[in-house]
Amino acid sequence: MKTEVLKNIKATEDEYQSLINTVMAERKRSLSDAELEADNLIMKASTNADEYRKIRLAEARAQAEQKHSEIVREGDRKAADLKEKGSKNLNSAVELLVSRFKESLHAHT
């Protein structure tokens, strides 16, 4: 009878040891799966961050180009206005210059 009890105890120990080994293997597998999932999430977040950064940089470049174009257009407009104003006064400026030149010639003679 003792032998039978000891055999039952040994069988139960073996069964529990097998169960413990199975649980430990499952635990390792779960940890490995969790680490893999975490790595995948980190990689995905990094990719998303890079994509977001590229999009924001493209938007910033577009805004800068638009601002540059506005500044150039404004400068062209101001230059055209100044040229137009200068053209209006050109004849009178030339006449004034010629008359002063003539005065200067007569004054020296």
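Inspect all residues belonging to segment 91-99 and state whether any of them is assigned to a helix (DSSP H, G or I) and either exposed (fewer than 10 other Cβ atoms within 10 Å of the Cβ) or touching a strand residue (DSSP E or B) at 6+ places or on another chain (Cβ under 8 Å) (or both). So far as segment 91-99 goes, yes, one or more of its residues are assigned to a helix (DSSP H, G or I) and either exposed (fewer than 10 other Cβ atoms within 10 Å of the Cβ) or touching a strand residue (DSSP E or B) at 6+ places or on another chain (Cβ under 8 Å) (or both).
Would you check if residue 55 is of a type in the set (Val, Ile, Thr) and either open to solvent by less than 100 Å² (accessible area, probe 1.4 Å) or in contact (Cβ under 8 Å) with a residue 60 or more places away in the chain (or both)?
Values: of a type in the set (Val, Ile, Thr): yes; either open to solvent by less than 100 Å² (accessible area, probe 1.4 Å) or in contact (Cβ under 8 Å) with a residue 60 or more places away in the chain (or both): yes.
Yes: the conditions hold for residue 55.
How many of the residues making up segment 12-25 are among the charged types (D, E, K, R) and open to solvent by 90 Å² or more (accessible area, probe 1.4 Å)? Before the answer, list the steps.
Just the residues of segment 12-25 that are among the charged types (D, E, K, R), to begin with: 13-15.
Those still in the list that are open to solvent by 90 Å² or more (accessible area, probe 1.4 Å) too: 13, 15.
Here the count works out to 2.
Residue 108 meets the conditions (1) more than 56 Å from the chain's Cα centre (by Cα); (2) at pLDDT 85 or above; (3) not β-branched (Val, Ile, Thr) in every case but one. The failed one is (2).
A quick yes/no check of all residues on (1) of a type in the set (Lys, Arg); (2) more than 46 Å from the chain's Cα centre (by Cα); (3) open to solvent by less than 70 Å² (accessible area, probe 1.4 Å):
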residue	(1), (2), (3)
7	yes, yes, no
10	yes, yes, no
27	yes, no, no
31	no, no, no
34	no, no, yes
37	no, no, no
41	no, no, no
46	no, no, yes
62	no, no, yes
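The values are calculated or read from the model by the stated rules, or taken from the named source; none is laboratory data. Nothing here was measured: the structure is a model prediction, and the numbers come from that model. Neighbour counts run over all protein chains shown; Cβ positions are idealised from the backbone, glycine included. Heads up: the accessible areas ignore ligands, DNA and RNA and are worked out on the full protein's heavy atoms, side chains in. Shrake-Rupley method; radii C 1.70, N 1.55, O 1.52, S 1.80 Å.
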